[in-house]
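The values are calculated or read from the model by the stated rules, or taken from the named source; none is laboratory data. Owing to the predicted nature of the structure, the values given are computational and were not obtained by experimental measurement. Here Cβ is always computed from backbone atoms with ideal geometry, including for glycine, and neighbour counts include all displayed protein chains. Please note that ligands, DNA and RNA were not included when accessible areas were found on the heavy atoms of the full protein model with its side chains. Shrake-Rupley method; radii C 1.70, N 1.55, O 1.52, S 1.80 Å.
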Amino acid sequence: MDKFLVALERYRVPLVPLHPVVSILPGEWDSVYHGEGFDIDSLRDYRIGDNIRRVNPRISAKRGVQTIVDRVTLRDLTVVIYGDATASMRLRSKKVIQINAAATLLFSAYKHESSFELAFLGDWKNHLNPRRGEQQFLSLYRRLGSGQDKKSSKQDFLLALYQHLHRTIEPHSIVFVISDFLGLYVSGDEREKVLKQLAHRYDIIPVIVQDDLEYTFPVFDFPISFVLYDEEAERQRELWLTPEDQREIKTANEKRFTELQAAFRNAGIESIHIDDYSLGGLFGVFSNFFLSRKTRQRLHSG
């Protein structure tokens, strides 16, 4: 088996939907963690009118009171992952970051027994058909590398993304959009409107990809050079930057990232920021995101 797939076994992200569906599972009394497709949502005391079959004997014995276990069923959950095949995502380590991030999320959805699908921004003709199972995972896993080799544009992709989802994906599905979000040619008002539409219908989660060069652009007291690949000329070019150029780029990167986070936040969307391609690093970021969400849901419901 692929060593990468073996490594993924250690990094199953605990997916938590924004709008949990609480399942009533009569008769499953052995363990509150029985079945990989279910996750515990809350424990509460038995109330008059509850189905007595929902009382969990083991948990009741530990707590000293008859206890009902409410669970979130992830088998009813649909997960869609959009990758970014534009030129900026093929630079430096961003391609590897995206492949590892998408693979981690696909594997986690597969192990949670959810329905899942993979698509790429700009490939709007591809019909989405989320399915469960190992064959679906292996098929999408093989598409990860080839899908990034397609040339596409991010121009006006937000509206196209909404329309693409609206045709085939049910509301409240988790939708990850993995991208550096560079080159969004959408005005502020229009962008906010579409983002709010996405947030209203789906559990949209932007995964902002930045490598070290974008996240912490270095500034030196002397000129430095970078070798960049010119997509149009299909050859490499050497770019020299003065200290002033370096400071301007650093400031512009920080400003763009701040504005991007604010745009998502104003639309009621939580975003994830990744700059590490290691499976352990990605797992930590994704897990912390969903564990924080789960904690907030419990506090809100309590």
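Residue 239 fails exactly one of the following numbered conditions: (1) open to solvent by less than 60 Å² (accessible area, probe 1.4 Å); (2) aliphatic (A, V, I, L, M); (3) in contact with a Leu (Cβ under 7 Å, 6 or more places away or on another chain). What is the number of that condition?
The single condition residue 239 does not satisfy is (1).
Kindly list, by first and then second residue, each pair from a residue in region 43-64 that is within 23 Å of residue 295 (Cα to Cα) and open to solvent by less than 90 Å² (accessible area, probe 1.4 Å) to a residue that is of a type in the set (Ser, Thr, Tyr) and part of a strand (DSSP E or B), limited to pairs with Cβ atoms under 6 Å and residues at least 6 apart or on different chains.
From residues that are within 23 Å of residue 295 (Cα to Cα) and open to solvent by less than 90 Å² (accessible area, probe 1.4 Å), the pairs are 43/67; 56/67; 59/67; 60/67.
Looking at region 277-302, which of its residues are open to solvent by 40 Å² or more (accessible area, probe 1.4 Å) and under 18 Å from residue 81 (Cβ atoms)?
Within region 277-302, 277, 283, 285 meet the criteria.
Looking at region 78-99 only, could you name the residues that are open to solvent by less than 20 Å² (accessible area, probe 1.4 Å), in a helix (DSSP H, G or I) and not hydrophobic (A, V, I, L, M, F, W, C)?
94, 98
Please specify each residue of region 262-302 satisfying the condition of being among the charged types (D, E, K, R) and farther than 24 Å from residue 211 by Cα.
293, 294, 296, 298
Going through region 100-115 one residue at a time, which ones are outside any loop (DSSP other than H, G, I, E, B) and hydroxyl-bearing (Ser, Thr, Tyr)?
Scanning region 100-115 gives 104, 108, 110, 115.
If the Cβ limit is 6 Å and pairs must be 6+ apart or interchain, which residue in region 279-301 that is without any contact (Cβ under 8 Å) to a residue 24 or more places away in the chain pairs with which residue that is open to solvent by less than 80 Å² (accessible area, probe 1.4 Å) and not β-branched (Val, Ile, Thr)?
none
Checking the condition closer than 26 Å to residue 291 by Cα and within 18 Å of the chain's Cα centre (by Cα), which residue from 85, 103 passes?
103
Looking at residue 244, is it at pLDDT 90 or above, surrounded by fewer than 18 Cβ atoms within 10 Å (Cβ to Cβ) and touching a Phe, Trp or Tyr at 6+ places or on another chain (Cβ under 8 Å)?
Taking the combined requirement at face value, the residue does not satisfy it.
So in region 146-200, with the set limited to residues that are among the small types (Gly, Ala, Ser) and open to solvent by 60 Å² or more (accessible area, probe 1.4 Å), which one is modelled with the highest pLDDT?
Checked region 146-200; the qualifying residue modelled with the highest pLDDT is 146.
Inspect all residues belonging to region 217-233 and state whether any of them is among the hydroxyl-bearing types (Ser, Thr, Tyr) and at pLDDT 90 or above.
no
I'm trying to understand the selection: among the residues of region 116-145, which are touching a helix residue (DSSP H, G or I) at 6+ places or on another chain (Cβ under 8 Å), not in a loop (DSSP other than H, G, I, E, B) and not charged (D, E, K, R)?
116, 118, 119, 120, 136, 137, 140, 141, 144, 145 - these are the residues of region 116-145 that are touching a helix residue (DSSP H, G or I) at 6+ places or on another chain (Cβ under 8 Å), not in a loop (DSSP other than H, G, I, E, B) and not charged (D, E, K, R).
Enumerate the pairs (first residue in region 262-275 and open to solvent by 40 Å² or more (accessible area, probe 1.4 Å); second residue anywhere and hydroxyl-bearing (Ser, Thr, Tyr)) with beta-carbon separation below 6 Å, excluding pairs fewer than 6 apart on the same chain, so at least 6 apart or on different chains.
If the second residue must be hydroxyl-bearing (Ser, Thr, Tyr), the pairs left are 275/215.
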